[in-house]
Amino acid sequence: MEESNSKYQVFIVNSAKYLTLTTPKFDKRKKWQKLDPKEVRSFIPGSIIEVFAKPGQRLKAGEVILTLEAMKMYTKVTMPFDGVIKSIEVSKGNRIPKDTLLATIE
Amino acid sequence: MSFKRNILDLRKRKKEAQQGGGEKAIEKQVAMGKKTARERIKAILDENSFHEYDLFVEHTGRDFDMEKKVLHGDGVIIGTGTMYNQPVAIYAQDFTVAGGSLGLMHARKITKIMDHALKMRVPLIGINDSGGARIQEGVNSLAGYGEIFYRNTNASGVIPQISVILGPCAGGAVYSPALTDFVFVVENISKMFITGPGVIKSVLGEEISMEELGGAMVHSEITGNAHFFAKSEDECFEQIKKLITFIPWNNAQKAHKFPIQEPIPGKSIEEIVPVDPHNPYDIRDIIKAVSDGSDFFEIMEYFARNIVIGFGRIEGNTVGFVANQPMYLAGVLDCDSSDKAARFIRYCDAFNIPIVTLEDMPGYLPGVDQEHAGVIRHGAKLLYAYSEATVPKVTVIIRKAYGGGYIAMNSRHLGADFVFAWPTAEIAVMGPEGAANIVFKKEIDEAENPAEMRQQKIQEYKDKFANPFVAASKGYIDEVIEPSETRARLIHSLEVSGSKVDPRPARKHGIPPF
């Protein structure tokens, strides 16, 4: 039995170890990562229309960092809380996928 | 004689219309490795059984110079014929005519044959090969799609609906197949997506091929949109012809009964399953060992491989098998496997096909991705489908039946008619390892050698609870059987269930968690 089991992987469910195969979809699943509130990320793919904020600039919650065009809509990406812009990671004209880092806050 | 002249004229008109998009377009179709719409219909139906309707239908496009164009049959062939001498309705989009694009009359033809199929209570087969909406016809194209979806939904659970994707099927067009019972795809030919690679490139700048985005294997393995994957159109047609032998022609009938065949003698059923519940085996070998002629027709072979679904026969009658697969992901339940099994159970229930459940699973797949993907909601589909089903329901517990998964896999508590367990069955609130950690936490933590104590407590728990007899003592399982008795018990229990009546409260419809 042991010999023929060599192609199998160990898989743990409720502390029990099972020998089994995995599937490509399972192997490709995304690992969960804790969100960093100081990172501003795109929630939808689109294009950067205008960047208003600059690194070092102090902004209040709700003030506009940049405008993102997605699905024919202009969406203002705003500061989530009062803070200082640490970096702007995109520039006007960039086409970006979902979950792209747009800006960081100090 | 003028009669003769009329007949000759009719023949000429027919011949011309049957050419579809003409020689050049047909050459192109063949060069893509595809058969023509007419060849496809012929390949699926009994020889010389096809009768075509609406051959002379013309499109109604009047903008963008469309009025000057002749589109034979408006890009779709509809008709009726037979399979195994039983009537079926069929349509096939003709890619050689304006790319099989869907305009108002094209859609009218499809809805006409759909209405026939539903009224006559015969299966509907739709062959999809279309570039999508005919843009020149504007909102009329959208109306056409909507009218098809509406009929797909009305026919759902009344007549079998089979979709065959033999070309592109993009945008709104994908929703008709998605509403049908079985979707067939062919490698390198089938392409399904809502937004194509072109749009993705223009919006995101990401380059992806049609095959990578929505090819046959993507839908078979990743999305679960397709039920049958084939390497060629011919293989695909054979699959359709095989599927149709297992299912009834409508929801008021039972599937055709076949001559009884004993399973093909092979490994004994006890040799297939390792006694150690941590070791894998292929559950399909068990299904084959109990099915007539060891013939198991698997559905969605590549998607959520941790659960196996498909048709087989027991004493000549079709049964739907739902079985955990220890070979993949230890046979756990998760979002995809719950979704896959639940839909199949509802199919079987709608079409009077008894369900045989083979259980060997350690529980639900742990992980943030599963929880965030909604394993609660998806897992609930399985509970719903089993509870809702009123066809005969038989369960055989082979090894592990732990926790929530035990309840979900057609337990007595969800209305199983018969529950059998092998002596190797472990019916418990969780596996011994997990249970010992909780129940004996104090003893293990306080022991001089926690690891040793843990092993001891696992063994203690195993001896006491990891067996079928606790559940048997409550009547939750009906009989502990020897593995070699499995087929005989299935035969008998299905025979006893032959006239099963299991009413449900009157209601418009339930609200399953989908």
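Being in the same structural domain as B:Glu39 (by TED's automatic domain parsing), more than 24 Å from the chain's Cα centre (by Cα) and part of a strand (DSSP E or B), is that true of even one residue in the range B:125-139? The answer is yes, given that some residue of the range B:125-139 is in the same structural domain as B:Glu39 (by TED's automatic domain parsing), more than 24 Å from the chain's Cα centre (by Cα) and part of a strand (DSSP E or B).
Quick check, is B:Val139 touching a strand residue (DSSP E or B) at 6+ places or on another chain (Cβ under 7 Å) and of a type in the set (A, V, I, L, M, F, W, C)?
no
Does B:Gly172 satisfy being modelled with pLDDT under 95, of a type outside the set (Phe, Trp, Tyr) and farther than 22 Å from B:Phe228 by Cα?
Values: modelled with pLDDT under 95: yes; of a type outside the set (Phe, Trp, Tyr): yes; farther than 22 Å from B:Phe228 by Cα: no.
Answer is no for this residue.
The number of residues in the range B:364-381 that are at the interface with chain A (Cβ under 9 Å from one of its Cβ atoms), β-branched (Val, Ile, Thr) and either crowded, with 20+ Cβ neighbours inside 10 Å or on the phi > 0 side of the Ramachandran plot (or both) comes to 0. Any residue at all in the range B:57-73 that is hydrophobic (A, V, I, L, M, F, W, C), modelled with pLDDT of 90 or more and either buried (at least 23 other Cβ atoms within 10 Å of the Cβ) or more than 22 Å from B:Gly167 (Cα to Cα) (or both)? The answer is yes, given that some residue of the range B:57-73 is hydrophobic (A, V, I, L, M, F, W, C), modelled with pLDDT of 90 or more and either buried (at least 23 other Cβ atoms within 10 Å of the Cβ) or more than 22 Å from B:Gly167 (Cα to Cα) (or both). You will find that of B:Leu55, B:Leu45, the residue that is assigned by TED's automatic domain parsing to the domain that holds B:Gly157 and farther than 26 Å from B:Asn188 by Cα is B:Leu55 and no other. Every listed requirement among (1) within 12 Å of another protein chain (Cβ to nearest Cβ); (2) in contact (Cβ under 8 Å) with a residue 12 or more places away in the chain is met by A:Gly56 save one, (1). Given the structure, is B:Phe420 surrounded by 12 or more Cβ atoms within 10 Å (Cβ to Cβ), of a type outside the set (Asp, Glu) and touching a strand residue (DSSP E or B) at 6+ places or on another chain (Cβ under 8 Å)? Taking the combined requirement at face value, the residue satisfies it.
For first residues located in the range A:2-25 and within 7 Å of chain B (Cβ to nearest Cβ) and closer than 24 Å to B:Met217 by Cα, partners that are surrounded by fewer than 16 Cβ atoms within 10 Å (Cβ to Cβ) and modelled with pLDDT under 90 and lie 6+ apart or on another chain with Cβ distances below 9 Å form the pairs A:Leu21/A:Lys7.
Say we look at the range A:37-59 and pick out the residues that are part of a strand (DSSP E or B) and of a type in the set (D, E, K, R); which of these is farthest from A:Phe81 (Cα to Cα)? If you could, list the steps in order and put the result at the bottom.
Here is the first cut: in the range A:37-59, the residues part of a strand (DSSP E or B) are A:39-41, A:46-51, A:58-59.
Now drop any that are not of a type in the set (D, E, K, R), which leaves A:39, A:41, A:50, A:58.
Values: A:Glu39: 12, A:Arg41: 14, A:Glu50: 21, A:Arg58: 11 Å.
Per the criteria, the residue is A:Glu50.
Would it be correct to say that B:Phe64 is in the same structural domain as B:Val97 (by TED's automatic domain parsing) and among the aromatic types (Phe, Trp, Tyr)? Talk me through it step by step, then tell me what you get.
Details: in the same structural domain as B:Val97 (by TED's automatic domain parsing): yes; among the aromatic types (Phe, Trp, Tyr): yes.
Yes; evaluated as a whole, the condition is true for this residue.
To keep it simple, each residue is scored yes or no on (1) within 14 Å of another protein chain (Cβ to nearest Cβ); (2) surrounded by fewer than 20 Cβ atoms within 10 Å (Cβ to Cβ); (3) closer than 19 Å to B:Ile222 by Cα; (4) of a type in the set (D, E, K, R).
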residue	(1), (2), (3), (4)
B:Pro259	no, yes, no, no
B:Asp276	yes, yes, no, yes
B:Ile286	no, no, no, no
B:Asp295	no, yes, no, yes
B:Arg305	yes, no, yes, yes
B:Ile314	no, no, no, no
B:Gly320	no, no, no, no
B:Ala323	no, no, no, no
B:Pro362	yes, no, no, no
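Quickly run through the range B:196-211 and pick out the residues that are touching a residue at least 12 places away in the same chain (Cβ under 8 Å) and either over 15 Å from A:Lys98 (Cα atoms) or outside the structural domain of B:Ala170 (by TED's automatic domain parsing) (or both). Quick ask: steps written out before the conclusion?
Our first condition is that a residue be touching a residue at least 12 places away in the same chain (Cβ under 8 Å); within the range B:196-211, this holds for B:196-197, B:200, B:209-211.
Passing the criteria: B:Gly196, B:Pro197, B:Ser209, B:Met210, B:Glu211.
Out of B:Gly100, B:Gly171, B:Gly138, I need the residue that is touching a residue at least 24 places away in the same chain (Cβ under 8 Å) and closer than 27 Å to B:Asp234 by Cβ. Which one?
Values: B:Gly171 fails: closer than 27 Å to B:Asp234 by Cβ; B:Gly138 fails: closer than 27 Å to B:Asp234 by Cβ.
Being touching a residue at least 24 places away in the same chain (Cβ under 8 Å) and closer than 27 Å to B:Asp234 by Cβ holds for just one of B:Gly100, B:Gly171, B:Gly138, which is B:Gly100.
Can you pull out every residue in the range B:425-455 that is buried (at least 21 other Cβ atoms within 10 Å of the Cβ) and within 27 Å of B:Ser493 (Cβ to Cβ)? Residues satisfying the conditions are B:Ala425, B:Glu426, B:Ile427, B:Ala428. Checking each residue in the range A:10-36 for being assigned to a strand (DSSP E or B) and surrounded by 14 or more Cβ atoms within 10 Å (Cβ to Cβ) picks out A:Phe11, A:Val13, A:Ala16, A:Tyr18, A:Leu19, A:Thr20, A:Leu21. Scanning the range B:458-477 for residues that are outside any loop (DSSP other than H, G, I, E, B) and more than 12 Å from chain A (Cβ to nearest Cβ) yields B:Gln459, B:Glu460, B:Asp463, B:Lys464, B:Phe465, B:Phe469, B:Val470, B:Ala471, B:Ala472, B:Ser473. Has the range B:404-424 got any residue that is within 12 Å of another protein chain (Cβ to nearest Cβ) and not in a helix (DSSP H, G or I)? No, the range B:404-424 contains no residue that is within 12 Å of another protein chain (Cβ to nearest Cβ) and not in a helix (DSSP H, G or I).
State all residues of the range A:89-106 that are within 14 Å of A:Ile49 (Cβ to Cβ) and away from chain B (no Cβ under 14 Å); if no residue qualifies, say none. Break it down into steps so the answer makes sense when it comes.
Going through the range A:89-106, the residues within 14 Å of A:Ile49 (Cβ to Cβ) turn out to be A:90-96, A:102.
A:Ser91, A:Lys92, A:Leu102, listed by residue number.
Being part of a helix (DSSP H, G or I), in contact (Cβ under 8 Å) with a residue 12 or more places away in the chain and within 12 Å of chain A (Cβ to nearest Cβ), is that true of even one residue in the range B:344-351?
We begin by selecting, within the range B:344-351, every residue part of a helix (DSSP H, G or I); these are B:344-350.
Filter again for in contact (Cβ under 8 Å) with a residue 12 or more places away in the chain, leaving B:344-350.
Keeping just the survivors that are within 12 Å of chain A (Cβ to nearest Cβ) gives none.
Looking through the range B:344-351, none of the residues is part of a helix (DSSP H, G or I), in contact (Cβ under 8 Å) with a residue 12 or more places away in the chain and within 12 Å of chain A (Cβ to nearest Cβ).
A:Val90 fulfils the conditions (1) crowded, with 16+ Cβ neighbours inside 10 Å; (2) in a strand (DSSP E or B) except for a single criterion, (2).
If the condition is being more than 9 Å from chain B (Cβ to nearest Cβ) and under 29 Å from B:Leu365 (Cβ atoms), then the range A:26-38 contributes A:Asp27, A:Gln33, A:Lys34, A:Leu35, A:Asp36.
The values are calculated or read from the model by the stated rules, or taken from the named source; none is laboratory data. Bear in mind the structure is a predicted one, so any value in this text is a computation, not a measurement. FYI the Cβ positions are ideal-geometry reconstructions off the backbone, even for glycines, and counts take in every protein chain you see.
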